[in-house]
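The values are calculated or read from the model by the stated rules, or taken from the named source; none is laboratory data. This one's a predicted model, so the numbers in the text were calculated from it and none came from an experiment. Cβ placement follows ideal geometry from the backbone for every residue including glycine, while neighbour counts extend to all protein chains displayed.
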Amino acid sequence: MFCTSSKAYCFAFAGLLFFSTLILTGCRQDMHDQPRYEPLEASDFFADGSASRHAPEGTVARGALEASPYVNTAKRDGELGTTLPFELTRALLERGQERYNIYCSPCHDRVGTGLGMIVRRGFRHPPSFHSPHLREAPLGHFFDVMSNGFGAMMDYAAQLPPHDRWAIAAYIRALQLSQHATLADLPISDRQQLQGTRP
C-alpha cells in the first residue's frame, strides 16, 4: 500500500482527507436558505396578503413605558427637578449603593471624592460630590448627567434604566449627607452610644 512508502505522506493524505470531509459536510445550505419571509414580503397565508404582522393593540416597546416624563428626564417645565419621582426607601438606597459601586466608584470612589482607581491610573479627575457646587445641585442634575453624560463622562443610559439612575442619585445625596453630618444630626440614642453614655 502507498502509506508504507512514506509515513509523512500517509499522515498528510489522512489529514487532507479528514479536513476535506469536514469542509464538505459543512457546506449544506439549509441554514442559509431557510423557508422564511423577508421583511414586508407578500404572503398568501394571511388574509391581508402581508407577511409582516402588526403588534397587538396596547403593545409597548421594551424600555419605552414611562409613568410620567419626569421619570425619564428629571425635568419639569424644562427645569431639573429636586425630588425623587417615587418614595425614598431603604431598598432604593441599597440598590443605589450597589449600582453606584459598580458603575460610579471606578472614577468617583466609594465616598464620592473623585479619587477612584481609574483616576489613580492617570485618567481625568471628576469633581467631588462634596464640593459646594454639587452639594447645592438639584437631584435631577445627577440623573441628567447619568442619562446624557457631561464633560469627559459618557452617558450611562444604556447600562442603567431610569429607576437605577434615580436610585444612584438618591445614594449620592446620602453620601453627601454622610460626609458632612454632625453629631447633632444623629438620633439621641446613636449620639449617646458614640459618646460612650447610655440613656
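Just one of the listed residues (R76, R90, R95) is among the basic types (K, R), out of contact with any strand residue (DSSP E or B) (no Cβ under 7 Å at 6 or more places or on another chain) and farther than 13 Å from A170 by Cα, namely R76. For the stretch 99-114, a residue qualifies if it is touching an Asp or Glu at 6+ places or on another chain (Cβ under 8 Å) and modelled with pLDDT under 95, but none of them does. If the condition is being crowded, with 18+ Cβ neighbours inside 10 Å, among the small types (G, A, S) and outside any helix (DSSP H, G or I), then the stretch 120-147 contributes S128, A137.
Just to be sure before I move on: is I172 modelled with pLDDT of 95 or more and either touching a helix residue (DSSP H, G or I) at 6+ places or on another chain (Cβ under 7 Å) or surrounded by fewer than 19 Cβ atoms within 10 Å (Cβ to Cβ) (or both) in the structure I sent? So I172 fits the description; yes. Residues in the stretch 102-119 that are under 16 Å from L160 (Cβ atoms) and surrounded by fewer than 14 Cβ atoms within 10 Å (Cβ to Cβ): I102 only. Of the residues screened, L160 is not one that is closer than 27 Å to E87 by Cβ, at pLDDT 90 or above, of a type in the set (A, V, I, L, M) and out of contact with any Phe, Trp or Tyr (no Cβ under 8 Å at 6 or more places or on another chain). Of all residues in the stretch 42-64, none are assigned to a helix (DSSP H, G or I) and not hydrophobic (A, V, I, L, M, F, W, C).
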